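Below: one structure, written as structure tokens.
No value in this document is a laboratory result; all are computed from the given coordinates. Please read these numbers as outputs of a predicted model, since none were measured by experiment. Neighbour counts are summed over all protein chains in view; Cβ atoms, including those assigned to glycine, are modelled from backbone coordinates with ideal geometry.
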Amino acid sequence: MTSHVVSGPGSVAGKGVAASEALLARASAVIPGGVNSPVRAFGAVGGTPRFVASGQGAWLTDVDGNRYVDLICSWGPMILGHAHPDVLRAVQEAAARGFSFGTPSENEVALAEEIVTRVEPVDQVRLVNSGTEATMSAIRLARGYTQRDVVVKFAGCYHGHVDALLASAGSGVATFALPDSAGVPKSSAGETIVLPYNDIAAVEATFAGRGEQIAAVITEAAPGNMGVVPPAPGFTEGLRRVTRDHGALLISDEVMTGFRCSRSGFYGLEGPYAAGPADLFTFGKVMGGGFPIAAFGGRADVMALLAPSGPVYQAGTLSGNPVASAAGLATLRGCTDEVYDRLGTVAHTIADAASEALTAASVPHTVQWAGSMFSIFFREGPVRSYDDAKTQDTEAFGRFFHAMLDHGVHLPPSSFEAWFVSAAHDEAAVEHVLEALPHAARAAAGR
Ligand SMILES: *Cc1c(COP(=O)(O)O)cnc(C)c1O
């Protein structure tokens, strides 16, 4: 425990964690586990989660006054960095005109237009409040469209905490090594088939047996919730071919990759496919710029089934919220080619240095990529599936994580998560990370 709060020379951390500990104690009395999303607890790495008081650009400041280069970036949304002036202005202007109306308003139209313009196969979107709602609604829509019930997902892919999609899920479910979630009805889990990722033969065999019952295959466009495991060449194309041949829909979950991997998400890197695009897409994270807004969308004839034009019900009191829409629009408009270039440069500089430091310390590891999105597995590569990802040395990661934290760099507190960078990660922030890495690599090695 004490070793977790000792800081190295030149550290910008080092002010202790008394205030975070006090807040955690207060929080634990009124919030289960003291957190509102499980991955925020340091369950897999031990120690005290830092309560953050403010964020500016690439940096977080916690309630004890420690400063960290942020490599969580709110798990993806803060692609322009914290409190970006253009986004802040858009939010302030929108908020000054009122927070929520429960009527249609212009900002939501502009945000929908921006998404539809960027992702070519998406004709229409419906705005919702979280990625979970987006995948939940996309599944309902696919079931309504096909009049079938069964959904296929892949082990290690996380699609939010939707009942039917929690089986063998990534993210926090992987971090805490949970088999599945309690409270999911057998009937719901029974309508879900879980297959190994990157195994098209398993998909073909499943469709050969139960093809007429399957409403949809849902997949992360490039999984990032078991660590980054990109689709093998031809895998996405294979999913498209098999689903189409059996009258099922393909749902591409771009909640994490959307507008991060490229201006049109992972689709912009891997598509278009000879067999055609996915029928439905889900988005979140970056498109809200840090506010609770997400979307699902796709082919116009499928989207036409949604209420009020069709029989598939879906709704939301705060959906398309004008302030959140303004934040999302300002963020997407800020995602210029220069921003994507900068993300690539920052990610590669950090990943290369991390790999070099781990190699120097003889720590087995592999870096995997989906565009400029990356993660480091604490095992030899390649990692092609959740079974592969699960065999990494999570204890070595825990030591690595805490040494980084002590040296003022906040990684996601799990080895099953991507490391997120922003365009605000300037030379000073990157240099700070590079200085921390050799210390952390030695800690990972147990030295
Ligand atoms: C984060 C995430 C979700 C869930 O989004 P929430 O806003 O947390 O509900 C769904 N799918 C993927 C791929 C994600 O990364």
### Task
Go through (1) touching a helix residue (DSSP H, G or I) at 6+ places or on another chain (Cβ under 6 Å); (2) within 16 Å of the ligand (Cβ to nearest atom); (3) not aliphatic (A, V, I, L, M) one by one and return the number of the condition residue 188 breaks.
(2)
### Summary
Of (1) touching a Leu at 6+ places or on another chain (Cβ under 7 Å); (2) under 29 Å from residue 418 (Cβ atoms), residue 332 fails just (1)
### Query
Taking segment 225-246, which residues are in contact with a Lys or Arg (Cβ under 8 Å, 6 or more places away or on another chain) and surrounded by fewer than 24 Cβ atoms within 10 Å (Cβ to Cβ)?
232
### Task
Identify all residues within segment 61-75 that are at positive phi and surrounded by fewer than 24 Cβ atoms within 10 Å (Cβ to Cβ); write none if there are none.
65, 74, 75
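Condition first: of a type in the set (Gly, Ala, Ser), in contact (Cβ under 8 Å) with a residue 40 or more places away in the chain and part of a helix (DSSP H, G or I). Now tell me which residues in segment 90-111 satisfy that.
So in segment 90-111, the residues of a type in the set (Gly, Ala, Ser) come out as 90, 94-96, 98, 100, 102, 105, 110.
Still in the list and also in contact (Cβ under 8 Å) with a residue 40 or more places away in the chain: 90, 94-95, 98, 100, 102, 105, 110.
Passing the criteria: 90, 94, 95, 110.
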### Task
Among the residues of segment 344-366, write down those that are closer than 17 Å to residue 438 by Cβ and polar (S, T, N, Q).
349, 355, 359, 362
### Verdict on residue 80 being within 16 Å of the ligand (Cβ to nearest atom), not in a helix (DSSP H, G or I) and not β-branched (Val, Ile, Thr)
no
### Task
Scan segment 391-415 and report the pairs whose first residue is over 14 Å from residue 435 (Cα atoms) and whose second residue is surrounded by fewer than 24 Cβ atoms within 10 Å (Cβ to Cβ) and of a type in the set (D, E, K, R), with Cβ atoms within less than 7 Å and a gap of 6+ or a chain change.
391/379; 392/379; 393/379
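What about residue 87, is it outside any strand (DSSP E or B) and farther than 29 Å from residue 58 by Cβ?
Details: outside any strand (DSSP E or B): yes; farther than 29 Å from residue 58 by Cβ: no.
In short, no.
Of all residues in segment 169-191, count the ones that are buried (at least 21 other Cβ atoms within 10 Å of the Cβ) and touching a Ser or Thr at 6+ places or on another chain (Cβ under 9 Å).
Residues of segment 169-191 that are buried (at least 21 other Cβ atoms within 10 Å of the Cβ), as a first pass: 169-175.
With the extra rule that they be touching a Ser or Thr at 6+ places or on another chain (Cβ under 9 Å), the set shrinks to 169, 171-175.
Qualifying residue count for the region: 6.
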#### Entry: Candidate set: segment 199-222, residues that are part of a helix (DSSP H, G or I) and either among the acidic types (Asp, Glu) or within 12 Å of the ligand (Cβ to nearest atom) (or both); chosen: the one nearest to residue 153 (Cα to Cα)
204
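Could you check segment 112-170 and list, in sequence order, the residues that are of a type outside the set (Lys, Arg) and part of a strand (DSSP E or B)?
The first filter runs over segment 112-170 and keeps only residues of a type outside the set (Lys, Arg), leaving 112-117, 119-125, 127-139, 141-142, 144-147, 149-152, 154-170.
124, 125, 127, 128, 150, 151, 152, 154 - these are the residues of segment 112-170 that are of a type outside the set (Lys, Arg) and part of a strand (DSSP E or B).
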